[in-house]
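Here's the structure, in structure tokens; my notes come after.
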Ligand SMILES: Nc1ncnc2c1ncn2[C@@H]1O[C@H](COP(=O)(O)OP(=O)(O)O)[C@@H](O)[C@H]1O
Ligand SMILES: [Mg+2]
């Protein structure tokens, strides 16, 4: 018996191998959902465990881990997941995007451009992009197998009929490698273009739904739209009150009890780096 | 009419365990023809129609279809991707219950537009325009385009289902008791509409019905089914006015009695 109560990165080697095998399959068929035997993970209630299982399966001793929740490194969830992997894997952690080799995320892709060799790990609540349109699992599998994606556009058609434009702002469906329609997880549509031909590896884990999927480097990821209503990633038409950025994804906050609203960068690391470089507003 | 059938069904059988729901049925459907399949409840009409469409797999026999896209194909052995492509682009199925053929939680416009989108249309304005044209053609107020079909009457739902089927300009339309669940006055209006659209579009149609009045109004030819078998086939007027088989005679007389 070893002295530590856990194997490296908590999951046993056999489990990690099974997850990695599923991930390799997912990388070989970009955007295709691969079933896997999801395990229980401790902590992170309300976060979901799919992303953590993927991180546990791919992390090595030399990795440097960054964890973001919304865009922030300092939420309770982000901090406790970072602490968890420090404890069970003894890896270094960071808040800096460019230093990280693995970035476990929920809700955002960092503003700092990703580089080759980096791995993004997404926590996914609902991996099936067709789930609201087609309740039967057997039928959605068939629709994916035959690339019958007409119903995907029904949702967008109705959005335009109702609002005059596509208002879908999160988990905006994409076509991967010209083949599979994929849910990019609840990232803002603003982040979708960052997936397109990204040099990084993107791994998606849905624990409850027991599905993994992936986008390998340099893969086409195209947001669905109509010819006369092209995809337009939405962001607030404002500047960050801290760093002055106008090209980053902004969170709206209340700054007093009279309802005064301001905007700040959702990506806290990016905002801090800009301020450190003297780009304050 | 051209010199080859659009659809040739030969010795088709569908068994459910020991029951031969369809038992050695053969017939041709010619381009532009409306064929009615009549018979009392349980005689195998719906099963035959569903087998032709590929909703269920026949036990034996052949179904040859002359496709625009693939030429002549044997549907009983056609792979699923191609069969579904044909269903999306060349065929339509009108269900007896419009709820089986509509997405009730999506708008009328989306229901009509979905078929266009499934066939590859990606221009919102064109899809919208075609949905409007088709709502009008089936006599649904264009102002209802963004309403949910569950707010529609039964007759409107059925007309919406027909718009959804016809919007892609199918070559072959299969209808299962299209006026089945409706009030008599609503039935008459719907039948009239179907007859007009079928003539305008030159559709090839197989319509299943237990109502000989529907067959009389829509079809040029009739097959009479009894316990899975075709017992009589012929021109509509001949079969209805001068039935030869005792079962057809019974069917016709019961309609006269009604
Ligand atoms: N899925 C099924 N499983 C078993 N028996 C069935 C099934 N569908 C239909 N049948 C039987 O097959 C026969 C023909 O049914 P059906 O084709 O629905 O007749 P019709 O449409 O003429 O009323 C009936 O006896 C019916 O009970
Ligand atoms: Mg029936």
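None of the figures in this text is laboratory data; all of them are computed from the coordinates on show. Quantities reported herein were computed from a predicted structural model and do not represent experimental measurements. Using ideal geometry, Cβ is built from the backbone for each residue, glycine included, and neighbour counts are taken over all protein chains shown.
Using alpha-carbon positions, what is the distance between the centroids of region B:171-191 and region A:217-232, in Å? For region B:171-191 versus region A:217-232, the Cα centre distance is 41 Å. Normalised by 2.2 N^0.38 Å, where N is the number of residues, the alpha-carbon radius of gyration of region A:39-86 equals 1.09. Principal axis extents of the C-alpha atoms in region A:19-178 (largest first, rounded to whole Å): 50, 35, 32. Peptide B:127-133 has a mean shielding of 2, counted as Cβ atoms of other protein chains within 10 Å of each residue's Cβ.
Among A:151, A:255, A:103, sorting on how many other beta-carbon atoms sit within 10 Å of each Cβ, with the fewest leading, yields A:255, A:151, A:103. From the helices alone, meaning DSSP H stretches of at least four residues, give me the mean residue ellipticity at 222 nm for the protein assembly as shown, per-run term -39500 (n - 2.57), in deg cm²/dmol to the nearest 500. Mean residue ellipticity at 222 nm (helix-derived): -10000 deg cm²/dmol.
The Cα-based radius of gyration of region A:17-100, divided by its Kirkwood radius, gives an Rg/Rh of 0.97. Normalised Debye scattering of region A:146-268 at q = 0.15 Å⁻¹ gives log10 I(q)/I(0) of -0.84, counting only Cα atoms as equal scatterers and leaving out solvent.
Once the Kirkwood radius over Cα pairs is known for chain A, the Stokes-Einstein relation at 25 °C and 0.890 mPa s delivers a diffusion coefficient of 124 µm²/s. The modelled label-to-label distance between residue B:99 and residue B:72, using points 7 Å beyond Cα along the C-beta direction, is 4.3 nm. Remark: the residue A:272-residue A:40 segment gains 80.0 nm on full extension, using 0.36 nm per residue and subtracting the alpha carbon distance. Summarised in one figure, the compactness ratio Rg/Rh of region B:1-51, Cα atoms and Kirkwood Rh, is 1.03.
Considering region B:143-183 at the alpha-carbon level, its Rg and Dmax are found to be 11.5, 31 Å. Here each label is just a point 7 Å from Cα along the line to Cβ, and for residue A:18 and residue A:208 those points are 2.2 nm apart. Averaged over the residues of peptide B:83-93, the number of Cβ atoms from other protein chains lying within 10 Å of each residue's Cβ is 1. Using a cutoff of 8 angstrom between alpha carbon atoms and counting only pairs six or more residues apart, the relative contact order for chain B works out to 26 percent. Using just the C-alpha positions of region B:190-243 as equal point scatterers, what log10 of I(q)/I(0) does the Debye formula give at each q in 0.16, 0.18, 0.28 1/Å? So the normalised log intensities work out to -0.50, -0.62, -1.19. Over chain A, Cα pairs under 8 Å with separation of 6+ residues give a relative contact order of 21 percent.
DSSP bridge analysis restricted to chain A gives an antiparallel fraction near 60%, rounded to the nearest 5. For region A:1-135, averaging the sequence separation of C-alpha pairs within contact (under 8 Å, six or more residues apart) and dividing by the residue count gives a relative contact order of 24 percent.
With a 10 Å cut-off around each Cβ of A:143-151, the average count of Cβ atoms from other chains is 4. Between the alpha-carbon centres of region A:37-96 and region B:25-104 there is a gap of 53 Å.
Normalised by residue number, the volume inside the convex hull of the Cα atoms of region B:61-158 is 123 Å³ per residue.
By the compact-protein rule of thumb, 2.2 N^0.38 Å, the alpha-carbon radius of gyration of region B:148-258 corresponds to a ratio of 1.15. One equal scatterer on each Cα of region B:108-201, no solvent, Debye formula: the resulting log10 I(q)/I(0) at q = 0.12, 0.16 Å⁻¹ is -0.35, -0.63. Take every DSSP beta bridge whose two residues both sit in the protein assembly as shown; close to 55 percent of them are antiparallel. In µm²/s, what is D for region B:213-258 at 25 °C and 0.890 mPa s, where D = kT/(6 pi eta Rh) by Stokes-Einstein and Rh is the Kirkwood radius from Cα pairs? Estimated diffusion coefficient is 231 µm²/s. Relative to its Kirkwood radius, the Cα radius of gyration of region A:84-215 gives an Rg/Rh of 1.01.
Could you order the peptides A:218-226, A:264-272 from most to least packed, using the average number of other C-beta atoms within 10 Å per residue?
Values: A:218-226: 17.9, A:264-272: 22.6.
My ranking of the peptides, most packed first, is A:264-272, A:218-226.
Expressed per residue, the C-alpha convex hull volume of the protein assembly as shown stands at 189 Å³.
In region B:97-140, the alpha-carbon atoms span a convex hull of 75 Å³ per residue. When restricted to Cα atoms, chain B yields an Rg and a Dmax of 18.2, 56 Å, respectively.
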